Amino acid sequence: MPAFERQEFVSRIDKARSRMAELGMDLMWVTCPANINYLCGYDAWSFYVHQGLLVSAHAPDPVWIGRKIDLSCVHATTYLRDDQVRGYGDSYLVPPAHAMQFVADVILEHGWERAVIGVEMDTHYFTALAFETLRGSLPQCRFVDADRLVNWLRIRKSGQEIRYMLEAGRVTDGAMRAGIEAIAPGVRQCDVAAAVYGALISGPDGLWGDVPDYQTMPKGALTGAPHLTWTAEPYRSGEACTLELGANRFRYHAPLARTVHVGKPKRKLVELAEIVGEGLDAALAAVKPGVTCEDVEAAWRRSIGRYGLTKESRIGYSVGIGYPPDWGERTASLMPGDETALDENMTCHLMLGIWEHNGGYEISETFRVTSLGFECLSSIPRELIVLHG
């Protein structure tokens with residue numbers, strides 16, 4: 001069953017069509033899995049082949065196009081009618097045939113041979129060959145960059161979206177606790193990862209989660225490398241590790257990071273945790289409607305700057321629906337120069353870390369903007385977690 005009422009999808013399509021008309025687009029070929037999900041609810045592990053949603057600025061009903069074997073997935077997760085669904089055979093998977101030839105045929109069948117078509121030029125699953133094939137098959141059409149049109153529509157969440165993210169936060173908390181409880185001297189990183197994944201999927205209190213987008217678990221000196229995954233190395237007393245994870249509740253994510261130390265930590269790490277924690281509190285305190293993304297980052301930068309520290313990378317980003325390879329919405333970033341104003345029911349992952357070659361400290365919170373400030377989606381204490389061992 002779809003995760004939302006039909007009217008929510010109708011409203012989303014109407015907003016997309018209105019924006020398309022403003023930009024002079026007749027059609028939009030949506031290929032980002034998160035954007036397809038947002039507009040029609042489609043949710044299946046089929047994005048490894050070419051698929052997408054064809055949205056017309058002049059007609060209310062979108063058309064899903066994908067592999068024929070996935071038509072049952074469309075009917076299971078969307079409200080789309082049979083006449084809104086087109087499937088191509090596996091012959092289009094074998095070169096020189098290409099699925100975009102099938103997409104072009106559908107466009108021509110609808111009489112859109114001279115359309116201005118918006119395509120998502122910077123999304124993970126729309127390849128250069130796909131674009132060239134589509135453009136070559138529609139010589140009278142004009143192609144423009146849709147420029148993350150749908151991504152920006154997703155930035156303010158509905159009430160049901162917020163409920164899913166709050167539920168994801170509860171599942172994330174359970175998985176974080178499972179990971180912390182599993183860490184001990186001699187325990188392998190991969191076994192801790194297994195405990196985390198089990199909790200992310202089974203969930204607490206009757207909740208459950210889908211396959212998460214990604215998870216990182218460096219340890220020891222490798223806490224200075226933010227995007228590594230686990231190995232079979234055992235944890236040892238005197239080492240630190242970071243747990244970064246996020247539950248997937250109907251594709252909505254609530255990322256969270258904490259740093260765990262086995263045994264008594266060195267004073268330098270304790271001091272770093274205090275500095276970063278103070279900066280985290282300063283950044284959150286700056287959050288409220290009307291404040292810009294760069295204002296939030298500036299509050300963090302001023303806080304850590306008093307201790308002579310800097311962080312070159314951004315400190316956060318808009319988050320919500322996610323498919324591999326990430327859970328970010330690829331719109332607003334908490335960084336200098338981003339003048340996006342925060343608004344009620346925006347949701348962001350505030351990711352704070354000081355990474356150095358010989359170690360580091362990482363902590364994060366996913367928050368939603370409220371009418372008065374912010375609400376964190378996690379209840380895990382915001383501190384360095386010390387385990388005796």
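Flag: residue 376 does not match the condition of being on the phi < 0 side of the Ramachandran plot and either polar (S, T, N, Q) or touching a Ser or Thr at 6+ places or on another chain (Cβ under 6 Å) (or both). For segment 342-352, a residue qualifies if it is surrounded by fewer than 21 Cβ atoms within 10 Å (Cβ to Cβ) and in contact with a helix residue (DSSP H, G or I) (Cβ under 8 Å, 6 or more places away or on another chain), and exactly one does: 345. Go through segment 42-61 and report how many residues are under 26 Å from the mean Cα position of the chain (by Cα) and assigned to a loop (DSSP other than H, G, I, E, B). Count: 10.
A single member of 206, 136 is free of Cβ contacts under 8 Å to residues at least 12 places away in the same chain, within 28 Å of residue 385 (Cα to Cα) and loosely packed, with under 14 Cβ neighbours inside 10 Å, and it is 206.
Looking across 97, 115, 130, 104, one residue alone is crowded, with 19+ Cβ neighbours inside 10 Å and more than 17 Å from residue 52 (Cα to Cα). It is 115. State yes or no: is residue 329 under 30 Å from residue 237 (Cβ atoms), charged (D, E, K, R), touching a Phe, Trp or Tyr at 6+ places or on another chain (Cβ under 8 Å) and open to solvent by less than 50 Å² (accessible area, probe 1.4 Å)? No: the conditions fail for residue 329.
Residues considered: 378, 318, 333, 313. Of these, the only one that is among the polar types (S, T, N, Q) and over 27 Å from residue 159 (Cα atoms) is 313. If you go through segment 274-306 and keep only what is in a loop (DSSP other than H, G, I, E, B), open to solvent by 60 Å² or more (accessible area, probe 1.4 Å) and in contact with a helix residue (DSSP H, G or I) (Cβ under 9 Å, 6 or more places away or on another chain), you end up with just 306. Residues that are assigned to a helix (DSSP H, G or I) and more than 14 Å from residue 66 (Cβ to Cβ) were ranked within segment 20-34; the one that is most open to solvent (accessible area, probe 1.4 Å) is 22. If you go through segment 69-91 one residue at a time, do you hit one that is open to solvent by 70 Å² or more (accessible area, probe 1.4 Å) and under 17 Å from residue 150 (Cβ atoms)? Within segment 69-91 (the criterion being open to solvent by 70 Å² or more (accessible area, probe 1.4 Å) and under 17 Å from residue 150 (Cβ atoms)), the answer is no, since none of the residues qualifies. Look at residue 111 and say whether it is without any contact (Cβ under 8 Å) to a residue 40 or more places away in the chain, over 22 Å from residue 149 (Cα atoms) and in contact with an Asp or Glu (Cβ under 8 Å, 6 or more places away or on another chain). No: the conditions fail for residue 111.
Counting only residues that are small (Gly, Ala, Ser) and either more than 20 Å from residue 355 (Cα to Cα) or free of Cβ contacts under 8 Å to residues at least 12 places away in the same chain (or both), segment 263-307 holds 5 of them. Could you please find all residues in segment 353-379 being among the aliphatic types (A, V, I, L, M) and either touching a Gly at 6+ places or on another chain (Cβ under 8 Å) or open to solvent by 10 Å² or more (accessible area, probe 1.4 Å) (or both)? 354, 363, 372, 377 - these are the residues of segment 353-379 that are among the aliphatic types (A, V, I, L, M) and either touching a Gly at 6+ places or on another chain (Cβ under 8 Å) or open to solvent by 10 Å² or more (accessible area, probe 1.4 Å) (or both). Look at residue 310 and say whether it is under 22 Å from residue 34 (Cα atoms) and either open to solvent by 30 Å² or more (accessible area, probe 1.4 Å) or outside any loop (DSSP other than H, G, I, E, B) (or both). It is false that residue 310 is under 22 Å from residue 34 (Cα atoms) and either open to solvent by 30 Å² or more (accessible area, probe 1.4 Å) or outside any loop (DSSP other than H, G, I, E, B) (or both).
Quick grid of which residues meet (1) modelled with pLDDT of 90 or more; (2) of a type in the set (Lys, Arg); (3) under 18 Å from residue 349 (Cα atoms); (4) touching a Lys or Arg at 6+ places or on another chain (Cβ under 8 Å):
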| site | (1), (2), (3), (4) |
| --- | --- |
| 207 | yes, no, no, yes |
| 221 | no, no, no, no |
| 237 | yes, no, no, no |
| 255 | yes, no, yes, no |
| 259 | yes, no, yes, no |
| 269 | yes, no, no, no |
| 288 | yes, yes, yes, no |
| 291 | yes, no, yes, no |
| 299 | yes, no, yes, no |
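For segment 301-322, enumerate the residues that are at pLDDT below 95 and farther than 20 Å from residue 360 by Cα. If the condition is that a residue be at pLDDT below 95 and farther than 20 Å from residue 360 by Cα, then 322 is the only one that fits. Of a type in the set (Phe, Trp, Tyr), within 19 Å of residue 170 (Cα to Cα) and at pLDDT below 95, is that true of residue 355? Criteria not met by residue 355. Can you tell me which residue among 382, 368 is within 30 Å of residue 235 (Cα to Cα) and basic (Lys, Arg)? Answer to the selection: 382. Kindly check whether there is at least one residue in segment 169-179 that is of a type in the set (Val, Ile, Thr) and either surrounded by fewer than 18 Cβ atoms within 10 Å (Cβ to Cβ) or in a loop (DSSP other than H, G, I, E, B) (or both). Checked segment 169-179: no residue is of a type in the set (Val, Ile, Thr) and either surrounded by fewer than 18 Cβ atoms within 10 Å (Cβ to Cβ) or in a loop (DSSP other than H, G, I, E, B) (or both).
The values are calculated or read from the model by the stated rules, or taken from the named source; none is laboratory data. None of the values given here were measured: they were computed from a predicted structure. Note that we place each Cβ from the backbone using ideal geometry, even for glycine, and neighbour counts take in every protein chain shown. Heads up: the accessible areas ignore ligands, DNA and RNA and are worked out on the full protein's heavy atoms, side chains in. Shrake-Rupley method; radii C 1.70, N 1.55, O 1.52, S 1.80 Å.
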